[in-house]
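Colleague: Sharing a structure below in structure tokens format, with a few things to ask.
Quick note: the coordinates plus some simple rules give every number you see, no bench work behind them. Owing to the predicted nature of the structure, the values given are computational and were not obtained by experimental measurement.
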Amino acid sequence: MRIKKTSKGLALTIAVIVVASGGVAAASTNTGKLSTCVSHDGVLSVFAHGRCSAGTHHIVLPVLNAVGLRGARGVRGAVGARGAVGPMGATGVAGSAGATGAAGAAGAAGLTGSAGTAGPAGAVGPAGPAGGFSGGSLTATTGTFSGLVSANAGLNETGTLAVTGAQTVSSTLGVTGGATVGGALGVTGGASVSGLLSANGHVSSTQTAPTTTVGGGAGTGAVCTLDANATDTAGQVTITTGTSTGPTVDCTINFHSSFATAPYPITSPADAASAALSTNAPYLGSTTTAFTINSGVALTATTTYVWYYHVIG
């Protein structure tokens, strides 16, 4: 209840809630009246029956219907749909360039170029040291040289030739007697020795390697190869048999340079499988252009056999 003074007197606002005996607010369907006393200083008294005291005003107010209970809160509505995506903003300013990366690794070396054309022949060198020989052809019945021997047109010695230095012959070397060379002996052409040839070192062959041809005796899918240092004179041959082997030619070694007459090849086992052939070891055939390895009995299929060979013509 609230009282407000106005130019025409007092304005009164009253709200009445009737509470039932159980403590719960209840609404009344009947309209009644209450007696109200208002003092001069604005104090309000309300009572159902009786009179106002001296110095107050008696006001009869109608009793309004009681206000009903507030209803339960309604269910929250569903969340609205998300709005459409706004347009894309303008492109930002480009950042500054990054630092230069480290240099990449060097590429692989290029292929070696082909050899250039041979230059012209050099001038004739100075004369050899004392005791040596340098010049065109040399013919002697007996020769002993303590220095360099260089014969551009050939060397023909019918007696004994003894050289303690190096010897180089660009043409044919012919020695009817014995030949003893304490240094290096290089012969570009042929060398013929009718007597004893003694070398205080190793005798090696540096020819171009021969080729091979697989024979039917090695079987289907067989392979025949030579080692990297093989020559017409010596080397190592490897035969890996295939299937369906037989007693015939297993491999042919084709000479790079033909012999004047059929040479004499010799082989020896170089692995356990070859040595195990024992009495059934292969036999050899020879012509001026090649020699063959032949098996008297069929070799074991898919097996590797290795032999060393030497050829003397």
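Colleague: Classify segment 210-254 as rounded, prolate or oblate, taking a ≥ b ≥ c as the square roots of the eigenvalues of its Cα gyration tensor: rounded when a/c is under 1.5, otherwise prolate if a/b is larger than b/c and oblate if not.
Modeller: Prolate, because a/c is 1.5 or more and a/b exceeds b/c.
Colleague: Quick check on segment 211-312: take the gyration tensor over C-alpha atoms, sort the square-rooted eigenvalues as a ≥ b ≥ c, and tell me if it's rounded (a/c under 1.5), prolate or oblate.
Modeller: Prolate, because a/c is 1.5 or more and a/b exceeds b/c.
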